[in-house]
Amino acid sequence: MTMDKLIENICSACHCGKCKAQRYLDSEIQNLRELRDTGELRYDDLEAACSNLGVDFDCTEYFATALSLS
C-alpha cells in the first residue's frame, strides 16, 4: 500500500483532512520506532497502529517497511 492510499484510508476512517491524517500516521510511526529502538516492538504493535488509525490490518506491511527504512 502506498502512503497516499493509506492517508486516504485514514481520512475516511477519522473524517479528517490529509494534513491531520499525516500527523496521525507520523505519530504512530514514531511510537513504533521508539518500541523498536527499545527492543519492545511486537507484531501486535503494528496491528494496534492500524487499529488506532482505523485502517485494516493488512496495512501492517506499510509499517514494517517504514520501520525497516528508518
If we keep just the residues of region 1-41 that are at pLDDT 95 or above and outside any helix (DSSP H, G or I), which is surrounded by the most Cβ atoms within 10 Å (Cβ to Cβ)? L41
Subset of region 20-70 [in contact with a Phe, Trp or Tyr (Cβ under 6 Å, 6 or more places away or on another chain) and of a type in the set (G, A, S)]: A49
Note: among L25, L6, just one is within 9 Å of the chain's Cα centre (by Cα) and in contact (Cβ under 8 Å) with a residue 40 or more places away in the chain, namely L6
Output for region 34-59, where each listed residue is under 18 Å from R23 (Cα atoms) and in contact with an Asp or Glu (Cβ under 7 Å, 6 or more places away or on another chain): A49, C50, N52, L53
Taking region 42-59, which residues are without any contact (Cβ under 8 Å) to a residue 40 or more places away in the chain, closer than 15 Å to K5 by Cα and crowded, with 19+ Cβ neighbours inside 10 Å? C50
Considering only residues of region 60-70 that are under 15 Å from M1 (Cα atoms) and among the polar types (S, T, N, Q), which is surrounded by the fewest Cβ atoms within 10 Å (Cβ to Cβ)? T65
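The values are calculated or read from the model by the stated rules, or taken from the named source; none is laboratory data. In this text, all values refer to a predicted model and were calculated from it rather than measured experimentally. Note that each Cβ is placed from the backbone with ideal geometry, even for glycine, and that neighbours are counted across all protein chains shown.
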